[in-house]
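For reference, the structure is listed below as structure tokens.
Nothing in this text is a laboratory measurement; each read-out follows from the coordinates by a stated rule. Just so we're clear, the structure is a prediction, and the values are computed from it rather than from any experiment. Here Cβ is always computed from backbone atoms with ideal geometry, including for glycine, and neighbour counts include all displayed protein chains.
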Amino acid sequence: MRINAVLIVGSIFTVLFIVVFVFIASQTPFPAFKYATQTSQYLNTTSNIGPEDSQFMWTNYGLTLIAQAFVLLAAAAAALAMLRTNDKEDSE
Amino acid sequence: MFTLPLDILLIFTAISPVIGWVTPKYNRSKIGGVFSAIALSVSGIALYSLYKEVSVKGAIYVTGNSLIAGYLKVDMLSIFMVSIFLGLGLAATIYSMEYVENSSRSPIYYTLILSMISGMVGIVFSGDLFTLYVFWELMSISSYALVAFFREKWESVEASLKYLIIGVAGSATALFGISLLYGLAGTLSFEGLATAFTGTANIWLYIAAIFIFVGFGVKAAIVPLHTWLPDAHSSAPSTISALLSGIVIGTGVFVIARTFFSAFASIQEQWFPVIAILSLLTMFLGNITALLQTDLKRMLAYSSIAQVGYMLVGIAVGTQTGLTGTFLQFFNHALMKGSAFLCAGAIIHQLSVRELKDMVGVGRRMPITAVVFSISLFALIGLPPFNGFISELTLVTSTFQANMAWLGVALILNAALSAAYYLQIIRVIMQKPTLESVQKAKETPLLMLIPICALAVFIVAFGIWPDPIVSFAQHAAGTLVPGGLL
Amino acid sequence: MIDLTGYLVFSMGLYAIGLYCLATKRNMLRLVLGIELLINAANINFISFAAFAMPGFVDPLGNAFVCISIGLGGAVSAVALGVIVLAYRHYGTLDVAELRRLKG
């Protein structure tokens, strides 16, 4: 692959990004869920997680799933708008 | 399901490809336009009844208000934003009945416009960050396809590719920020986040704030994340330019305001100056670069960047007056910039040229279009009898009240600077026509003329009698600031 | 057992690599891969936080988010590939550096 200036500058920035982040993460470890208040919905890892997980998603996030169905419809319409060809012109 | 306006829009979106089967080819575009206009009007009527309910109750929650569920929350701010979405969408739909040719692809155009508007309505109605993200993606995907709709022109495709890459990178960055917030708080509803973070200032909160600001700021065209905007807004079809410039940009500003005033309210002292400096940068860069342009639509696109800078001034101030100014500026900018882009599109449609020097004197041949264009350009500068003056006055007053007078002075300077290129446009179209192509130009067709005139009537009316809109915006802004009058 | 910091560094590294890919690669299809990397970095974040909620328990909220997010990432890639096909028909090449005709 061609070694040019953009490659080198990009690699330096990426490594710098990761180094800064590792520094921050080691100084102040991430306070996971420190501010969480509700713990009643957690599932035990020893039980059968699969069906319970999807049951949780359908009862609480049903609205979001219907919205995602419309996103898929819009993506199909977008692909149609860009790639459809008018080969057979129906004459009226 | 969802609330009634959103339901109506989504159902009409799902039905509209059927138009392509049942209509003959020669007026497919007009029937599609009528269908979309019916959808938007019925949704507007449903919105009015929702407004009555919200002004009594304060806020409506759809399917519960728990910390772990996805739900919709309708309050005064949402209804304020949706009213302008539906209004501008209706104008753009009636305009595109004449603008989009009849082909087998025109029903898909109306499907995509309806899905973009329903995505925007979903964004302002959502009560937690993840529902907001899903509707954000709905709006974004429709807009990427709409910019590339006239696919025979190379400039539309190139602009759409640039817009898509930068826009999706922004959405993914925002998703990363949302995941950091989830890790900190365990919940993603706005009210849950507001109560979880009161009084804390962890470094991880700052990092999440940076990611979310950069992610949603890409769509709001904040400098230095604005590089997609001049290409996308100038190469898209004119109705799509009007919709993108008018309301899609404002949705980015809305999401930033909503997130930063609920989840990051505890670190306000740190990010108010940052947003103030970014708004300064945005205003100056937008106005100065617009002075150097020769293409009409590109000049209007750069002025949109400057207007976003004005909107950020209100967020940087942070009081209720400042937020009233922001949302009022968004409302007025949608009307003014929408009508400016539609007029520019009418001129370009009749003349088939885009450079300003090829349009000399076109105002003499297309008088109604020229008058409406002048009205919207005067309103964009901020002259008194039009509505741009009211919102800029509110913003400047709020900066003086909050001891940030340098922002107010910068805003006045920028309004004066922007007058330079707006007046240049008016001067060019009002001279004597000398070119052959200009002298043969005819007035715009009736279906394109009606929405332009309607928008101009609203610009003048809200400038002379601003009280209902200002009080509406004040109630809307009061939902974000704690203790504001609702 | 790997600590939470390890997973966090890993997802941040994926994010940085995705940004590097978007900034430096010239082939249009590689840009789509870079976008997918960015989205997957956020997905890994969600799942790793859901696993470290409480010892012995898992939070189903994060898993629900990831299910929806994967679908959205697929839809975005489909639209991106459609636009790339159109761009290839106009320009004849898959090189992003050729798309410089719009200036100013």
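The table below gives the values:
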read-out: Whole-angstrom Cα spans of the stretch C:64-104 along principal axes, big to small; value: 43, 24, 12
read-out: Volume of the Cα convex hull of the stretch C:4-98, divided per residue and given in Å³; value: 65
read-out: Chain B: C-alpha pair distances exceeding 36 Å, %; value: 25
read-out: Peptide C:32-41 - average C-beta neighbours from other chains (10 Å radius); value: 4
read-out: Positive dipole terminus of the stretch B:266-486, leading residue within B:Met283, B:Phe400, B:Met359 (C-beta point charges); value: B:Met359
read-out: All-pairs Cα distance distribution in the stretch B:266-486, expressed in whole percent, bin size 10 Å; value: 9, 33, 32, 18, 8, 2, 0
read-out: Size of charge dipole - the stretch B:266-486 - debye, nearest 20, with Cβ of Lys, Arg +1 and Asp, Glu -1, no other charges; value: 700
read-out: Per-peptide average of other Cβ atoms within 10 Å, ordering C:8-17, B:298-307, C:43-52 highest first; value: B:298-307, C:43-52, C:8-17
read-out: Among C:Gly73, C:Gly92, C:Gly56: highest mean-square fluctuation, GNM of chain C, C-alpha pairs under 10 Å; value: C:Gly56
read-out: Computed FRET value (nearest 0.05) for A:Asn86 with B:Val56, which takes r as the C-beta separation and R₀ as 41 Å; value: 0.20
read-out: Gained length - B:Arg364 relative to B:Lys440, 0.36 nm times residue gap less alpha-carbon distance; value: 26.2 nm
read-out: Within 10 Å of each Cβ in C:22-30, the average number of Cβ atoms from other chains; value: 3
read-out: Per-residue ³J(HN,Hα) for the stretch B:240-257, Karplus 6.51 cos²θ - 1.76 cosθ + 1.60, θ = phi - 60°, Hz, x for Gly and Pro; value: 5, 4, 5, 5, 5, 5, x, 10, 6, 5, x, 5, x, 5, 4, 5, 4, 4
read-out: Value at 222 nm in deg cm²/dmol, rounded to 500, when DSSP H runs of n ≥ 4 in chain B each add -39,500 (n - 2.57); value: -25000 deg cm²/dmol
read-out: B:Ser66 paired with B:Val274, simple spin-label distance in nm, labels 7 Å along Cα-to-beta-carbon; value: 3.5
read-out: Scattering profile of the stretch B:332-416 at q = 0.15, 0.19, 0.21, 0.23 Å⁻¹ [log10 I(q)/I(0), Debye over alpha-carbon scatterers]; value: -0.64, -0.84, -0.94, -1.04
read-out: Only Lys, Arg (+1) and Asp, Glu (-1) charged, at Cβ; chain B dipole about Cα centre in debye; value: 940
read-out: Charge dipole (debye, nearest 20) of the protein assembly as shown; +1 at Cβ of Lys and Arg, -1 at Cβ of Asp and Glu; value: 1500
read-out: The protein assembly as shown: radius of gyration and largest Cα-Cα distance (Dmax), Å; value: 24.5, 83
